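A.B. asks: I'd like to ask some things about the structure below.
Nothing in this text is a laboratory measurement; each read-out follows from the coordinates by a stated rule. Owing to the predicted nature of the structure, the values given are computational and were not obtained by experimental measurement. We place every Cβ from the backbone using ideal geometry, glycine too, and count neighbours over all the protein chains shown.
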Amino acid sequence: MEANVAVELFSSAPKSGVIYSTYVGDDDSVTENHLKTLVNYDIDKWSDVNHASRTLGTRLYMAKGKIKGLTPNVISYIQKSFTYCVNQNKGQPSSLLEGLTSIVPHAFGKHDNCSNSWCGYKKDPEGYKHGSLPGGKDLTGEDLRATLEEAIRPFLSHDSVKKLAPAGSSQRNESVNSSIGSKAPKIRHYGGSQSSDFRTAAGIAQFNKGNRYLTLATEKMGLAQTHITEQNTDKIDKKRKRDGERKSTKEFKKREETLERKRIKRPILLRNASQQRTRQGSAGNRATKRKPPSRMQP
Ligand SMILES: [Zn+2]
């Protein structure tokens, strides 16, 4: 969120008898500082889990290529362990700290500080294999370990753990944003139109009530009900519910994970293919220099 917009929202809320006690966002210190200095009531700052995981990923991707074994698979594994750990230790800063501290040792096969609740090795030391690491094997390499620890370290401070522990997420905001965006696409500049407020209200109503907001609104306004609208909105809402249930199943999440792993591999394959094409291209150029095309000959 833009810092000045955040300040405006938080400052004007008390006029409507509301005080926002918490702000969930990325660790953009500008917004946080603005809120602290320019809003005249106390606001608790929570870190957004997904933003934090992205920050961790960015740190690791910056070191990729310089560190042996720091592959996209390993980066994705560390990010997932991080998000899982935060969600599993919701509201418990001290066990969250223990969990975050044991992510890297666990990946390297050192399970002394792992918790029985999540470490598969503790349950079955003989047969345990890492589910998401290459070949199920422990990671190796001092440089790799140091890089991973360095990337996680900033999250281990007292302040960071305190902000992460509530497992805040701004995902619902993103979702309401997309509902509003579907009624008032940015490309159309509805901000300059009188319909802008209605479009925003329609997006919020859809987010809160589902598509049946249409029939509820027409009912309230005393407009004629149409059976077809009712039937269609009912159908869309039911589909949305079914999709939500399907997406929260274990099988769906597993399939998504497999597809994501394939997506991670794809850019590397494409890059290799384009390098090959470039090599073929330059070989062709060399051939051209040795023997000019026939149409150039007298
Ligand atoms: Zn372990």
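A.B. asks: From the residues Gly57, Asn73, Asn40, which one has its Cα farthest along the dipole of segment 28-76 in the positive direction, the dipole being from +1 and -1 charges on Cβ of Lys/Arg and Asp/Glu about the Cα centre?
C.D. replies: Asn73
A.B. asks: Given a Förster radius of 35 Å and the C-beta distance between Ala201 and Lys80 as r, what FRET efficiency does 1/(1 + (r/R0)^6) yield to the nearest 0.05?
C.D. replies: 0.40
A.B. asks: By count of other Cβ within 10 Å, fewest leading, how are Val39, Val30 ordered?
C.D. replies: Listing Val39, Val30 from fewest to most nearby Cβ atoms yields Val30, Val39.
A.B. asks: Here's another thing I want to ask about it. Each label point is 7 Å from the Cα along the Cα-to-Cβ direction; what then is the distance between the points at Trp118 and Glu149, in nm?
C.D. replies: Output for this residue pair reads 2.0 nm.
A.B. asks: Would you mind telling me which residue in Glu260, Glu219, Glu98 has the biggest mean-square fluctuation in a Gaussian network model of the chain, where springs connect alpha carbons within a distance under 10 angstrom?
C.D. replies: Fluctuation is largest for Glu219.
A.B. asks: Rounded to the nearest 20 debye, what is the charge dipole size of the chain about its Cα centre when +1 sits on each Lys and Arg Cβ and -1 on each Asp and Glu Cβ?
C.D. replies: Rounded to the nearest 20 debye, it is 2240 debye.
A.B. asks: Something else about it: Would you grab the residues whose amide H sits under 5 Å from the one on Trp46? Only those 5+ places off in sequence or on another chain, please, with H modelled 1.01 Å from N.
C.D. replies: Tyr23, Val24, Gly25
A.B. asks: Given 37 °C and 0.692 mPa s, how large is the Stokes-Einstein diffusion coefficient of the chain in µm²/s, with Rh as the Kirkwood radius over Cα pairs?
C.D. replies: Answer from the Stokes-Einstein relation: 136 µm²/s.
A.B. asks: Using the Cα centre of segment 6-131 as the reference point, and only Cβ charges (+1 on K/R, -1 on D/E), how large is the resulting charge dipole? Debye, rounded to the nearest 20.
C.D. replies: The dipole of segment 6-131 has a size of about 560 debye.
A.B. asks: Pick from His34, His51, His106: which is most flexible by mean-square fluctuation in a GNM of the chain where alpha carbon atoms under 10 Å apart are linked?
C.D. replies: Of His34, His51, His106, the most mobile in the Gaussian network model is His34.
A.B. asks: How do Phe108, Phe82 rank when sorted from fewest to most other Cβ atoms within 10 Å of their own Cβ?
C.D. replies: Taking fewest neighbouring Cβ atoms as first place, the list is Phe108, Phe82.
A.B. asks: Once the piece of chain linking Ile228 and Lys110 is laid out straight, how much longer is it, given 0.36 nm per residue of separation minus the C-alpha distance between them?
C.D. replies: 36.3 nm
A.B. asks: Ok, one more. Isolated Cys in the chain by the 4.7 Å beta carbon test?
C.D. replies: Cys85
A.B. asks: How high is the FRET efficiency from Lys137 to Tyr61, r the C-beta distance, R0 25 Å, rounded to 0.05?
C.D. replies: That pair, Lys137 with Tyr61, gives E of 0.65.
A.B. asks: Restricted to Cα positions, what overall size does segment 33-92 have along the principal axes? Three whole-Å values, descending.
C.D. replies: For segment 33-92, the Cα spread along each principal axis is 50, 26, 13 Å.
A.B. asks: Provide the three semi-axes, in whole Å and in decreasing order, of the ellipsoid equivalent to segment 1-154 as defined by the square roots of 5 times the Cα gyration tensor eigenvalues.
C.D. replies: 38, 18, 11
A.B. asks: Let me ask something additional. With unit charges on the beta carbon (Lys/Arg positive, Asp/Glu negative), name the residue among Leu214, Ala167, Ile228 whose Cα is farthest towards the positive pole of the charge dipole of segment 138-242.
C.D. replies: The residue sitting farthest along the positive end of the dipole is Ile228.
A.B. asks: For every helix of n ≥ 4 consecutive DSSP H residues, a contribution of -39,500 (n - 2.57) applies; sum these over the chain, divide by its total residues, and give [θ] at 222 nm rounded to the nearest 500 deg cm²/dmol.
C.D. replies: -20000 deg cm²/dmol
A.B. asks: Please rank Met62, Met221, fewest neighbouring Cβ atoms within 10 Å first, as an exposure proxy.
C.D. replies: Sorted ascending by nearby Cβ count, the order is Met221, Met62.
A.B. asks: Turning to a different aspect of this structure: If you average 1/r across every pair of different Cα atoms in segment 128-197 and take the reciprocal, what Kirkwood value do you get, in Å?
C.D. replies: Every distinct Cα pair counted, the radius reaches 17.1 Å.
A.B. asks: So, one more: Quick one: if you stick a label point 7 Å off each Cα along the C-beta vector at Asp237 and Leu9, how many nm between them?
C.D. replies: The two pseudo-label positions are separated by 2.7 nm.
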